[in-house]
Structures are given as structure tokens and as C-alpha cells.
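Please read the structure below before turning to the comments.
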Amino acid sequence: MARVLRSLRSSQPVARFQRCCGLFPAAEQLPARDTCSGGSPARQRLAADCAQKYVVKNYFYYYLFKFSSALGEEIFYITFLPFIYWNINEYVSRRLIMMWSIAMYIGQVSKDILKWPRPCSPPVVKLETRAEYGMPSTHAMAATSISFTFCIATMNQNKYSFVLGLMAACVLSTLVCLSRLYTGMHTVLDVIGGTLISAVLIALTYPAWDIIDNLMLTSPFCPILSIVVPLLLCYNYPKLEDYSPTRADTTTILGAGAGATIGFWLNNLHGAPNYPNESLQLSLPSLSEMMKVALERFFVGVFILLVIRYFVKHMALWLLCSRYQVSINDLEARRRLEIEVPYTFITYASVGLGATVLVPFLHKVLGLM
């Protein structure tokens, strides 16, 4: 077993997978040092993430895995999750946001506790630059938790084959996992670990989904807990010798989840009008009209969220920098705990709140509900 784990943690299977998919290091590239050994963690990560020249001999796999990798990025989920809320089902969106927040927090914290390095380069070709550690793969965790939560949450809500939904979830999560090997960002063990952690989280939390959902909508303590608990987790994030973007990423996720949760609670408290629950069935006559309304809701909503993000971010950053008497352009100052956590949390909590309260109100005004 120990030998198998060492093999899965090795960079060689990743390099072999890349070669099988037609990705090779450029022949003219000078031999690089083994970036997995020697030096401080900061220098190791910086060296490991340096841009590399490479040769692509199979562009089908190249674009397939680059696209699949994008499905695990935060920007995808920050647009995908509101889309589900605005167009598919509020019940489903609440579960997706809950599982996404839990899985991503555990994944990000685990990285900075375990401190396992990413694959060595050489032999691996790296297509992305990442400054955080590798184990577990949060792309794999997010893809697994989102796809299978969506499948489970919709199986009794919509008239489509559960087997078809399960197959789609497997394909999506597998593509994202393989993309992390193709881009050279994770070992096989990182990806397997991320997938298994998400699977365990779904299994453990599934029996309590309805209870949590009811508390989220009706408990008078929901708004306070939605703010206090995430902030405590962010302020007590594991400390590292060198700066890592994982704390900011975690604060972004928890802030968006907190804002959305408060929005759900407010909508239930004040009896806000709900979106009609769209059934996920392939009925062609109404498909074009559904898509038209869905796209209108989506683009209006995303525009509003971008505006909220821009103004709230700059306002919060300006106030905090003024409070601590530092320049707003000082990157090192912005990375300080007392500035980074509150401005990031306020920004994305506002985005989450806007997505669940302000955008639906505008949709109603514009006749899109």
C-alpha cells in the first residue's frame, strides 16, 4: 500500500499522462532543476510555477482539458451558482452553495496544513501558475461536490433520468480531475484525495440537508451565524511562513456563501416572490423561449454583480487602507490579515446578497420573473 501511495504521489504518472495526451516540454528548453527539493517553500513554489515552453501535438486534448480545467475555477461557480438560482431551482441552489462552501473551505485549509508540494518540473510540464500547495485538489473537490450534489438534489425535482444525470456528473467531475493532471498542477493522489473527500462530505451531510435548509430559511440566528462563523474561520486560517492566496480565496468563497445565505433568509422572511421552478426536461417547443428568458436573467444579473463587486471592493479597500494609514496600491499592505479578510469578505458577501435579493428584485421590475 505504501508503495502504491508513493507512486500515486509521484510526478512520473502525471508526466506520462501528459505525453500520452500529446503534451511535451519544448526541445530547446534548458534542463530545469528539480523544483520539489531544496530551498524555502516560497522559492520552491515560485520555481515550480515558472512559465514553461511546451509543444502540443494533440490539440483536441489540449482544448478539452483547458476547458475542463476552467469548469473548476471560482469564476465558473460564481456565475454557475447564481444561474441555477435565477433559472432552475432555488431549492437546488441552496444545497449547491452549502456544499460548495463546505468542500472548498476544507480543501483550502487542508492544503495549508498538509503542505504537500505540487508535481516536480521536470518531468511535468506546467500550464498554469499556482502559489499554493497541492493536496487535495480543490478543483476535483469542487467539481465532485457540485456535480453530484446537483444530481442528487434534482433527482426528485425534475423529470429526467437519474442514470443520465449520474453519468453527466461522472463525466464532468472526471474531465475536471483529468484536466488537473494534464495542466501539471496535481499528482494522481491529489486528485483522488480531493474526489474522495467530497464524496465523504456529501455522504455525511446528505441526511441533514433538509434540516440545514430549514434552519437557513427560518432560524432567527441565521444572519448572525452566517457572518460570525465564516469570519472566525477566515481570521483563524492556518498561518504560513510565506504569503499564499488560499486565505483570500477561502474568504471569497465563505463571503459569497454568507451573503447568499442571508439573502435566502431575507427572502423567506419577507415573502419575496420566487422564480418559477423550471423542470429539467427536454421539451423542445418551449426550449427556445426558456433559453431566451434564462439568458436575459443571466446577463442582467451578472452585470449587476460586477457593478456591486467593483464599487463595494473599492469602497471597502479605501476605508480599510485609510483606517490603517497605508496606500491602497501597496500590495503587501493589502495582504495583511486585518485588511485582506474584511475587504474580501465584505465584497463577496455583498455579491452573494445582491445575487439573491437585488437581482431578483430587478428581474421582477423588468418582467423577467
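The values are calculated or read from the model by the stated rules, or taken from the named source; none is laboratory data. These figures come from a predicted structure and were not determined experimentally. Note that each Cβ is placed from the backbone with ideal geometry, even for glycine, and that neighbours are counted across all protein chains shown. All accessible areas refer to the heavy atoms of the entire protein, side chains included, with ligands and DNA or RNA removed. Shrake-Rupley method; radii C 1.70, N 1.55, O 1.52, S 1.80 Å.
Around the amide H of Tyr54, modelled in the peptide plane, lie the amide H atoms of Ala26, all under 5 Å away and 5 or more residues distant in sequence or on another chain. Coupling constants for the stretch 178-187 follow from the phi torsions by the Karplus curve (6.51 cos²θ - 1.76 cosθ + 1.60, θ = phi - 60°), and in residue order they are 5, 5, 6, 6, 4, 7, x, 8, 9, 7 Hz; glycine and proline get x. Each listed q (0.12, 0.18 Å⁻¹) maps to a log10 I(q)/I(0) for the stretch 63-167 from the Debye sum over equal C-alpha point scatterers, namely -0.49, -0.96.
Global size of the stretch 218-269: 13.2, 45 Å for Rg and Dmax (C-alpha atoms, Rg to one decimal, Dmax whole).
Cross-linked pairs Lys292/Lys364; Lys57/Lys126; Lys53/Lys111; Lys66/Lys126; Lys115/Lys239: Cα-Cα separations exceed 23 Å for Lys53/Lys111. Taken over the Cα atoms of the stretch 173-229, the convex hull encloses 122 Å³ per residue. Per-residue ellipticity at 222 nm from helix content only, as computed over the chain with -39500 (n - 2.57) for each DSSP H run of at least four residues, stands at -22000 deg cm²/dmol. Put the Cα centre of the stretch 150-219 next to the Cα centre of the stretch 314-342 and the gap is 36 Å. Of the residues Ala199, Ser10, Tyr343, the one whose Cα sits farthest toward the positive end of the charge dipole of the chain, with +1 on the Cβ of Lys and Arg and -1 on the Cβ of Asp and Glu, is Ser10.
A simple count of charges around Trp209, restricted to other residues whose Cβ falls under 12 Å of its Cβ and scoring Lys, Arg +1 and Asp, Glu -1, yields 0. Charge dipole (Cα centre; +1 on Lys/Arg Cβ, -1 on Asp/Glu Cβ; no other charges) of the chain amounts to roughly 840 debye.
Loop-resident chymotrypsin sites (Phe, Trp or Tyr not before Pro) (DSSP state other than H, G, I, E or B) in the stretch 141-201 with no more than 10 further Cβ atoms inside 10 Å of their Cβ are absent. Taking Cβ atoms as reference points and 12 Å as the exclusive limit, the residues near Gln12 contribute a net charge of +4, counting Lys and Arg as +1 and Asp and Glu as -1. The orientation-averaged projection of the convex hull spanning the C-alpha atoms of the chain amounts to 20.8 square nanometres. Run the accessible area of the chain with a 1.4 Å probe and give the carbon-and-sulfur part as a rounded percent. Carbon with sulfur: 68 percent of the solvent-accessible area.
Per-peptide packing, taken as the mean over residues of other Cβ atoms within 10 Å, places 244-256, 304-316, 134-146, 322-334 in the sequence 134-146, 244-256, 304-316, 322-334 from highest down.
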